[in-house]
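Written out below as structure tokens is the structure these notes cover.
Read the figures in this text as sums done on the coordinates, not as results from a lab. Only a predicted model underlies this, so the values are computations on that prediction, with no experimental measurement involved. Using ideal geometry, Cβ is built from the backbone for each residue, glycine included, and neighbour counts are taken over all protein chains shown.
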Amino acid sequence: MNQNHSPKARFAGAGRLLLSATLALAALAPAARAQTVAATPPMGWNSWNHFACKVNDAVVRAAADAIASNGMKQAGYVYVNVDDCWQGQRDTSGVIHPNSRFPDMKALGDYVHSKGLKFGIYSSPGPKTCGGYEGSYRHEAQDAKQYASWGVDYLKYDWCSAERVYTPDQMPEVYKKMHDALASTGRPIVFSLCEYGLKSVWHWGPSIGGNSWRTTDDIEDNWNSMSAIGFAQNGLERFAGPGHWNDPDMLEVGNGRMNHEEYVTHMSLWCLLSAPLLAGNDLAKMTPDTLAILTNPEIIALDQDPKGAQAHRIWEEGPYELWSKPLADGSMAVGLFNRGEDAEKITLRLQDVGMMGSVTVRDLWGRKDLGKFSGTFSTDVPRHGVVVVRIHQ
């Protein structure tokens, strides 16, 4: 047998190719590397909004089980992310270990992966996390290596106590330090910057390898918080695109303090904004209505559209707003939003979205074609509600 074609030689050659590919990934410029792991906005679940510091191994496994079995995985939700409060102590070598609620983080990551899903984790560039647990300050490379060894695919990196040891102007270099540490592991890891929109992060987030960056303070499960955050995203659309996304925070759908129409508005607006979709409810105890909102394929398709364009406001009158989003196939998605206190008929002038002549309009929540329209399209929109349409010629 020719030695160059022996199984051992082929194995060695494959290993060299794998090593070369790994090194090439690590060597990519941050912005280019970002596009390899978040070409569309990340979708999944995060423990914070519902469980906060009451999260544990069993909660995370239950979330993975739910996603894998209830249709969410097929809808695109793949990240199962542990937020704050998992950290224990560092050993004498400085290696971070989980606390007693997470007896084996590697085993947990393996369990998530066994479901065909991806595993996420949380830290802070400061000495402590928001919950007062161990942060990554002066342990960035060590922590990145540990995360990679656990099979981590996503890191949420929360500024919090970093303000005690860094000045605001240092924020970009501080975040780049962790990006570089993650890149050096050779493992593709989504890098989510959680800095509440400070220092106009959208200007520098892509250059330091951020896949997403928070544009606002924390969301709460109520209409005023959600609507104030979501509708304030106008003007940031030019900073979003494949690999780097504006993040108006996680979803509150199903947590119980908004009604059906308000949750539909929440989901619609986030999808039009090309925002990361991280469910924040208890997936193991979800109503059919919540699941239907989270998994509507035609709404999710707007968020995951390969063009990666973020919607912007094209019209506003009092509490009524129109937002449009161009899509890769040349069609246009439009959200007709009613932020008012009673139902109202809202009219879209088709020329305002570049549509002339006769067009076909499809209702994405109703999942039905509404017919042909010329000049204008009008529809009744409920209080705190929305109608989302897809328009093509």
**Request:** Could you grab me the full set of residues in region 266-293 that are assigned to a helix (DSSP H, G or I), among the aliphatic types (A, V, I, L, M) and under 14 Å from the mean Cα position of the chain (by Cα)?
**Result:** 267, 269, 272
**Asked** Can you name every residue in region 57-67 that is farther than 14 Å from residue 286 by Cα and surrounded by 19 or more Cβ atoms within 10 Å (Cβ to Cβ)?
**Response** 57, 60
**Message:** Could you check region 77-106 and list, in sequence order, the residues that are more than 24 Å from residue 218 (Cα to Cα) and part of a loop (DSSP other than H, G, I, E, B)?
**Reply:** 91, 92, 93, 94, 95, 99, 100, 101, 102, 103, 104
**Request:** For region 255-276, name all the residues that are buried (at least 24 other Cβ atoms within 10 Å of the Cβ) and among the small types (Gly, Ala, Ser).
**Result:** 268, 274, 275
**Message:** Would you confirm, using the coordinates I've provided, whether residue 305 is of a type in the set (Asp, Glu), part of a loop (DSSP other than H, G, I, E, B) and over 25 Å from residue 49 (Cα atoms)?
**Reply:** yes
**Request:** Within region 130-143, work out how many residues are in contact with a strand residue (DSSP E or B) (Cβ under 8 Å, 6 or more places away or on another chain), of a type outside the set (Gly, Ala, Ser) and not in a strand (DSSP E or B).
**Result:** 5
**Request:** Working only within region 276-330, note down all residues that are free of Cβ contacts under 8 Å to residues at least 12 places away in the same chain and closer than 30 Å to residue 60 by Cα.
**Result:** 285, 288, 292, 301
**Fill in**
Within region 308-328, residues surrounded by 15 or more Cβ atoms within 10 Å (Cβ to Cβ) and not in a strand (DSSP E or B) come out as 308, 309, 310, 311, 319, 327
